[in-house]
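The values are calculated or read from the model by the stated rules, or taken from the named source; none is laboratory data. All of these numbers come straight from a predicted model, not from anything done at the bench. No Cβ is skipped: glycine too gets one built from the backbone with ideal geometry, and neighbour counts run over all protein chains shown. Keep in mind that these areas ignore ligands, DNA and RNA; they rest on the heavy atoms of the full protein, side chains included. Shrake-Rupley method; radii C 1.70, N 1.55, O 1.52, S 1.80 Å.
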Amino acid sequence: MHKHLQLPALLIVAGLTAAAQTSENHLYRSGNEWIQEVKGSIPAANSVKVISSGGAVRVQGAQQNSIVYTVRERVRAGSEEAARRELSRIKFSVSPGDVAVFRAESEGGRNHASVDFDIQVPAQTGLVGLKSGGGAIAVTGISGKVDAATGGGSVNLDQIGGTVTAASGGGSIEIGKVGGDVDVSTGGGSIHIDSAGGHISASSGGGSLRIGSGKAMRLETGGGSIVVKKCEGQLKAETGGGSLEFVEVTGPAHVETGGGGIKVWSIVGGLHAETGSGPITATLARGGQAFTESRLETLVGDIVVFVPDGLGITIRASIDSARGDAIRSDFGNNITVHRSNTWGPGEVYAEGSLNGGGPLLRVHTSTGTISIKRKGKE
């Protein structure tokens with residue numbers, strides 16, 4: 001056994017006395033890197049945690065009764081002797097038990113040292129907790145919870161039965177299917193979530209957000225676009241300047257952008273939509289959720305609202321500076337239009353009750369047009 005392997009080997013053997021597990025290792029060169037590979041296995045655990053100063057971490061659930069791992073310690077060096085000196089600065093340990101802990105720390109961070117983990121665990125593992133100083137993180141096929149954090153790499157999670165919490169200093173986050181709540185954040189990368197059985201909270205410093213389906217949602221980005229296919233509950237979404245698009249929302253929504261367009265294909269419940277510059281298109285729908293007082297507002301842009309038969313609302317629409325026939329309606333005398341000037345640009349406002357009246361819908365643009373249409377004429 002090489003001298004630089006004595007510490008990790010002793011730590012592993014000390015923890016595996018009763019289990020009689022084995023570990024093996026070897027050193028080889030790949031390009032300008034030297035890689036120390038350690039393979040082994042330990043008994044199954046309720047929780048698995050990985051703490052690394054830097055490097056990729058990949059965990060996969062499988063139908064098995066033990067934890068099998070491959071660890072690759074990577075350094076850059078001109079010779080094998082120099083590589084062994086650098087590898088001796090990496091402290092790697094495995095601690096079996098009800099909470100199995102893998103730990104790797106690189107002293108001084110010299111020669112771009114990093115440690116990559118490939119771990120297979122029983123699919124029924126209750127918790128997988130991962131923390132890397134800067135590598136990519138990936139977890140698939142776990143029935144329990146996942147808590148993952150990296151200083152700057154990407155995060156990729158799929159087929160997770162429990163809740164998910166994930167954070168990256170700036171990398172992208174890709175989430176497939178999750179059975180519980182999802183709470184993710186990144187300093188600047190994009191976020192994609194396919195589906196969640198619970199609530200979704202997602203924030204990015206500036207990347208785009210794409211959400212498939214989930215319960216109540218809270219979404220925020222410093223400047224990217226936000227797209228949601230289906231939200232079964234309350235929705236709050238905000239971006240500093242990107243566009244917003246929501247296909248189906250079955251709950252009240254509050255959405256805002258500093259300067260992009262807003263499109264809501266179907267909304268059951270109240271809607272507050274605001275943009276600093278851009279058009280707004282909203283299609284109201286009937287459902288189990290009662291419609292509540294709402295507001296659509298843009299400083300510069302057109303607004304189009306589709307109202308279904310049977311949805312009782314009261315409308316008050318206004319344009320600060322309008323020309324000609326700036327407010328149009330499919331509802332005839334139910335909506336009355338008033339003009340402050342008969343010539344030139346000026347304020348125009350309209351009000352009326354549809355389908356017997358109901359909660360108030362305010363519609364406002366500073367410069368643009370307003371169209372109130374019957375649903376079915378999209």
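Here are some notes:
- Residue check for Ser143: over 18 Å from the mean Cα position of the chain (by Cα), more than 30 Å from Met217 (Cα to Cα) and of a type in the set (S, T, N, Q): no
- Among (1) open to solvent by less than 40 Å² (accessible area, probe 1.4 Å); (2) touching an Asp or Glu at 6+ places or on another chain (Cβ under 8 Å) - the single one Val50 does not satisfy: (2)
- Set side by side, the residues Val57, Val75 differ, and just one is open to solvent by less than 30 Å² (accessible area, probe 1.4 Å) and within 25 Å of Gln159 (Cα to Cα), which is Val57.
- Taken over segment 99-120, the criterion of being at pLDDT below 95 and open to solvent by 50 Å² or more (accessible area, probe 1.4 Å) is satisfied by Glu105, Glu107, Gly108, Gly109, Arg110, Asn111, His112.
- Test result for Gly310, out of contact with any Leu (no Cβ under 6 Å at 6 or more places or on another chain), of a type outside the set (Asp, Glu) and within 21 Å of Ser266 (Cβ to Cβ): yes
- The residue list Ala149, Ala166, Ala196 contains one member that is surrounded by 19 or more Cβ atoms within 10 Å (Cβ to Cβ) and farther than 23 Å from Val247 by Cβ, which is Ala166.
- His26 more than 36 Å from the chain's Cα centre (by Cα), farther than 24 Å from Ala138 by Cβ, in a strand (DSSP E or B) and modelled with pLDDT under 95: yes
One line per residue, one yes/no per condition, for (1) of a type in the set (Phe, Trp, Tyr); (2) modelled with pLDDT under 95:
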site	(1), (2)
Ile280	no, no
Arg286	no, yes
Glu293	no, no
Leu296	no, no
Asp302	no, no
Phe306	yes, no
Ala317	no, no
Asn341	no, yes
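- Near pairs, Cβ below 6 angstrom, 6+ apart or cross-chain, from segment 125-143 (open to solvent by 10 Å² or more (accessible area, probe 1.4 Å) and among the charged types (D, E, K, R)) to any residue that is at pLDDT 95 or above and part of a strand (DSSP E or B): Lys131/Ile51; Lys131/Ala149
- Yes/no for Ile226 being over 27 Å from the mean Cα position of the chain (by Cα) and hydrophobic (A, V, I, L, M, F, W, C): no
- Cβ separations smaller than 6 Å between residues 6+ apart or across chains give the following pairs from segment 32-58 residues that are at negative phi to residues that are surrounded by fewer than 20 Cβ atoms within 10 Å (Cβ to Cβ) and aromatic (Phe, Trp, Tyr): Ile35/Tyr28.
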